[in-house]
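A short write-up of the structure that comes next.
The values are calculated or read from the model by the stated rules, or taken from the named source; none is laboratory data. Everything numeric here is computed off the predicted structure, so don't read it as measured data. With ideal geometry, Cβ positions are generated from the backbone for all residues, glycine too; neighbour counts draw on all protein chains shown. Quick note on the areas: whole protein, heavy atoms, side chains included, nothing else; ligands and nucleic acids left out. Shrake-Rupley method; radii C 1.70, N 1.55, O 1.52, S 1.80 Å.
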Amino acid sequence: MEIAERLRCIKPSATLSVNAKTLELKAQGVDVISLAVGEPDFPTPVHVCDAACAAIREGFTRYTAVPGIPALRKAVGGYYDRQYGICPPPEAVIVSNGGKHALYNLMQALLNAGDEVLIPAPYWVSYPDMVSLAQATPVIVRAGVELGFKVTPAMLDAACTPRTKMLILNSPSNPTGAVYGQEEFDAIMQWAMDRGLFVISDEIYDQLVFAPAVMASAMRWWQKFPDRVAVCNGVAKSFAMTGWRVGYTVAHPDLVKKLATLQGQCTSNVCSVAQKAALAALEGSYDCVRSMNAAFRRRRDMAYAVVDSWEKARCPRPDGAFYIFADVSGYFREGMRGSAAVCTRLLEEAHVALVPGVAFGDDNCIRFSYAVDDQVLASALEKIGAVLHSR
Ligand code: GLU
């Protein structure tokens, strides 16, 4: 079969592949613990589910406007007003099928063949492939464990060429959990604006920042440079709504119109019922968000204490999201060299699924998602530790 050229350089999403492999093993009866896929283990809050049920009962089951129902676009503005004191108008908001789709659409709308896109590494698995699908070139700027997995303007500048068009930021980071401080973030944004770049700020984990760390959002920069900044977010991680597929983008209204045109030719609107659910989430009480944040923080503390106690593992304490990204190269040995080999060994011997760091641009590391029950997490870490330290 002849498959289109553009798919030649695209890899399957590693996070989803490991998840699929885990589900397969579970179906075969193997007792696998998954610390692989990044999704909250909590149920979607009841008031959100109720809103969806009501929408179905009321027959809210038809096509909606492509960029989202007006109330939801307005509620996204309300969310930013509530959280950051900046209220983007509805015409600066488009609702898409998850944060992933929001990001994909932006790349399709903004990139041309030959454009270069700066991607700090470790990066979320899908960024380079999304850039390649838009026929542009991903340029990876690596920040290792010794830098706390954070890039600086100087590092970005060294990778910049006249073809550089865009920078993708992701704080809190998937996979490292690193959170840029306000000054660090502003320095990068200022540099990018001075350079004339477009910045996509993927802020899907903005509710998962652990005090004393504070979320530095690009919203203020969007307000100042609306045609050069886009902020992506969604309800998946904050409200335990991964399967509902509701993400959104704040961007210049002209760009939002183009994104809507693109979306109108491929997916149309996001599921009408899911939009009503997202509306209830954004307009309702955020107590559920706060209590999930507290649970993730507790698990972060517990998991980090264990990983930090492993003599040859190196890992800065993550300040956000729900991942630990540990450099385990100190444990590399015959038959277990490289992150994929480590993860294979851990799956086979410890029956714990993790995602290899190579998928995120750092082959010395492995990613743990601690979005699982406390006891399951403790037991998984014990098993991982035993395999790493066995000879
Ligand atoms: N973003 C989550 C993860 O990294 C969900 C899976 C995905 O879409 O990559 O595990």
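Select from region 111-130 the residues that are open to solvent by 20 Å² or more (accessible area, probe 1.4 Å) and under 13 Å from the mean Cα position of the chain (by Cα) and write down the one among them that is farthest from the ligand (Cβ to nearest atom).
In this case the residue turns out to be Tyr123.
Just give me the residues in region 8-56 being under 19 Å from the mean Cα position of the chain (by Cα) and of a type in the set (A, V, I, L, M), in sequence order.
Ile10, Ala14, Leu16, Val18, Ala20, Leu35, Ala36, Val37
Among the residues of region 119-151, which ones are free of Cβ contacts under 8 Å to residues at least 40 places away in the same chain and among the polar types (S, T, N, Q)?
Correct list: Thr137 only.
Among the residues of region 340-369, which ones are under 17 Å from the mean Cα position of the chain (by Cα), over 23 Å from Glu24 (Cβ atoms) and open to solvent by less than 10 Å² (accessible area, probe 1.4 Å)? First the steps, then the outcome.
Filtering region 340-369 for residues under 17 Å from the mean Cα position of the chain (by Cα) gives 354-362, 366-369.
If we keep only those that are over 23 Å from Glu24 (Cβ atoms) too, we end up with 361-362.
Asp362, the sole residue that qualifies.
Residues of region 220-245 being among the aliphatic types (A, V, I, L, M), within 16 Å of the ligand (Cβ to nearest atom) and touching a Phe, Trp or Tyr at 6+ places or on another chain (Cβ under 9 Å), which ones? Let's see the steps before the verdict.
The initial filter retains those residues of region 220-245 that are among the aliphatic types (A, V, I, L, M), namely 229-231, 235-236, 240-241.
Adding the requirement that they be within 16 Å of the ligand (Cβ to nearest atom) leaves 235-236, 240-241.
Hits for region 220-245 are Val235, Ala236, Ala240.
Quick check: is even one residue across region 54-64 of a type in the set (Ser, Thr, Tyr) and either buried (at least 20 other Cβ atoms within 10 Å of the Cβ) or within 16 Å of the ligand (Cβ to nearest atom) (or both)?
No; the residues of region 54-64 include none that is of a type in the set (Ser, Thr, Tyr) and either buried (at least 20 other Cβ atoms within 10 Å of the Cβ) or within 16 Å of the ligand (Cβ to nearest atom) (or both).
Please go through region 296-331 and give me each residue that is crowded, with 18+ Cβ neighbours inside 10 Å and among the small types (Gly, Ala, Ser), ordered by number.
Ala303, Ala313, Gly320, Ala321, Ala326, Ser329
Could we say that Asp31 is touching a residue at least 60 places away in the same chain (Cβ under 8 Å), surrounded by fewer than 20 Cβ atoms within 10 Å (Cβ to Cβ) and within 16 Å of the ligand (Cβ to nearest atom) here?
The answer is no for Asp31.
Under 8 Å between Cβ atoms, which residue pairs at least 6 apart in sequence (or on different chains) link something in region 186-204 that is part of a helix (DSSP H, G or I) and open to solvent by 30 Å² or more (accessible area, probe 1.4 Å) with a partner that is within 16 Å of the ligand (Cβ to nearest atom) and at pLDDT below 95?
Sorted first by the residue in region 186-204, then by its partner, the list stays empty.
Considering region 83-132 alone, what residues qualify as being of a type in the set (D, E, K, R) and closer than 30 Å to Asp287 by Cβ?
Lys100
Here is a yes/no grid of residues against (1) within 25 Å of Ser238 (Cα to Cα); (2) surrounded by fewer than 21 Cβ atoms within 10 Å (Cβ to Cβ); (3) away from the ligand (no atom under 16 Å from the Cβ); (4) more than 17 Å from the chain's Cα centre (by Cα):
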{"site": "Gln135", "(1), (2), (3), (4)": "no, yes, yes, yes"}
{"site": "Leu147", "(1), (2), (3), (4)": "no, yes, yes, yes"}
{"site": "Lys165", "(1), (2), (3), (4)": "no, yes, yes, yes"}
{"site": "Gly177", "(1), (2), (3), (4)": "yes, no, no, no"}
{"site": "Gly181", "(1), (2), (3), (4)": "yes, yes, yes, yes"}
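With the requirement that a residue be open to solvent by 40 Å² or more (accessible area, probe 1.4 Å) and either more than 16 Å from the ligand (Cβ to nearest atom) or not in a loop (DSSP other than H, G, I, E, B) (or both), what does region 34-48 give you?
Pro43, Val46, His47
So, Lys276, is that one open to solvent by 40 Å² or more (accessible area, probe 1.4 Å) and under 30 Å from Asn364 (Cβ atoms) or not?
Values: open to solvent by 40 Å² or more (accessible area, probe 1.4 Å): yes; under 30 Å from Asn364 (Cβ atoms): no.
No: the conditions fail for Lys276.
If only one of Val37, Val32, Val48 is at negative phi, at pLDDT 85 or above and touching a Phe, Trp or Tyr at 6+ places or on another chain (Cβ under 8 Å), which one is it?
Going through Val37, Val32, Val48 in turn, just one is at negative phi, at pLDDT 85 or above and touching a Phe, Trp or Tyr at 6+ places or on another chain (Cβ under 8 Å): Val48.
Which numbered condition trips up Thr22, out of (1) open to solvent by less than 70 Å² (accessible area, probe 1.4 Å); (2) of a type in the set (Val, Ile, Thr); (3) more than 14 Å from the ligand (Cβ to nearest atom); (4) in a helix (DSSP H, G or I)?
Only one criterion is unmet by Thr22, namely (3).
Between a first residue in region 90-118 that is within 15 Å of Ala251 (Cα to Cα) and a second residue that is charged (D, E, K, R), which pairs have beta carbons less than 7 Å apart while being 6 or more apart in sequence or on different chains?
Listed by first residue and then by second, the contacts come to Pro90/Arg73; Pro90/Lys74; Val93/Arg73; Val95/Arg73; Gly99/Asp202; Leu103/Asp202; Ala109/Lys258.
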